[in-house]
Amino acid sequence: MKIQKLTGILPALLTAFDENGVDTKTTGKLVDKLLCAGVDGLYVGGSSGEMVLQSVCERKTLLECVMESSAGRGAVIAHIGALSTADTVELAKHAKTAGADAVSSVTPLYYKYSFREVKEYYARIADASELPVIIYNIPALTGMTLNSAQLGEILSIPGVAGMKFTSSDFYQLERLRTDFPDHVFYNGSDEMLLSGLAAGADGGIGTTYNFQPERIVNIRKLYLANDMQGALKLQSDANRAIEVILRNGVLPASKALLGMLGLDVGLCREPFLPLTDAMLADLRDNALPLLDGEWLK
């Protein structure tokens, strides 16, 4: 069953940290500002949220903070992927209790798991959470490349409702979209949102949506209005900023830019290192002028 509430633009939420752990006050402010800027929901505790650098307890605190701050104003997808299935199942059950609209997970990390093991992993999630499950397919980071037949088997698991598709194989996305018309599909590469929409994605989930939400929302609006020229212009504008971010490290640069726009979400956790003065200058001179921080006021 396709879940309409889950479609649209969802920032892959950055997690604000302070010396005590998750900075719930600042995270809550970011949640509020993003929703006021017009995004359709939030993807919480994923790669952009530094999930592998948080404890299970911190991840629960983060989701509870987001649920309180969002107050039903948009869909909330809780990313629950972890190194162990036990932790994933615990987070899945917590997501249900906390009131999330869906759960999501990357394919199992680190070891070269068999497809049989990956498929069983998603079946366990669906059974434990009782919420719609969104596959997070990002082979560049997980090292797990699944073909269309394998992805189709996972999408056919009862309770699996869709996929975050972070790949440039838009032929594969179009084929999956055609084969599973009642599932929801998200484009996952910010710089290729328009391409993903053209291939059939219902929306997008992305890191840079944290600091250019209005531009990203308008790309989808223009696409849906058949204004391809306008949508392409906004995608090009977004990509000029993304190009600078990519050369300085996506997560540290994204947090730095939010700080420059007026919302200090702290640094990324180690092993990430603080940006050098030269990197900060590059962001300030070449990315910041391309962004509009009025939505944060």
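None of the figures in this text is laboratory data; all of them are computed from the coordinates on show. Small disclaimer: the values here were computed from a predicted structure and weren't measured. Every residue, glycine as well, gets a Cβ built from its backbone with ideal geometry; the counts of neighbours run over all protein chains shown.
Data overview
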quantity	calculated
Contour excess over end-to-end distance, with Cα ends at Asp285 and Leu232 and 0.36 nm allotted per residue	16.7 nm
Burial ranking of peptide ranges 268-274, 279-285, 255-261 (average Cβ count within 10 Å, highest at the top)	255-261, 279-285, 268-274
Total formal charge among the other residues, if their Cβ is under 14 angstrom from that of Ile242, Lys/Arg +1 and Asp/Glu -1	-2
Protection proxy ranking, peptides 204-214, 64-74, average beta carbon neighbours within 10 Å, highest first	204-214, 64-74
Relative exposure of His94, His79, His183, judged by other C-beta atoms within 10 Å (fewest first)	His94, His183, His79
Simple Cβ-charge dipole of the stretch 50-139, Lys/Arg +1 and Asp/Glu -1, about Cα centre, in debye nearest 20	200
Rounded to whole Å, sorted largest first: equivalent-ellipsoid semi-axes of the chain, Cα gyration tensor	27, 23, 18
Residue order, fewest to most surrounding Cβ atoms within 10 angstrom, among Val22, Val133	Val22, Val133
Sequence-distant lysines (8 or more away, or on other chains) whose Cα lies within less than 18 Å of Lys221	Lys5, Lys233
Selected from Ala128, Cys65, Leu30, residue furthest toward positive end of dipole (the stretch 1-158; charges at beta carbon)	Ala128
Relative exposure of Val184, Val217, judged by other C-beta atoms within 10 Å (fewest first)	Val217, Val184
Mean residue ellipticity (222 nm) of the chain, computed from DSSP H runs ≥ 4 via -39,500 (n - 2.57), nearest 500	-14500 deg cm²/dmol
Kirkwood-Stokes translational diffusion coefficient of the stretch 50-163, alpha-carbon pairs, 4 °C, 1.567 mPa s, µm²/s	91
Lys, Arg +1 and Asp, Glu -1 on Cβ, resulting dipole of the stretch 166-297 about Cα centre, debye, nearest 20	100
Amide H partners (placed H, <5 Å) of Val76, local residues excluded	Leu42, Asp101, Ala102
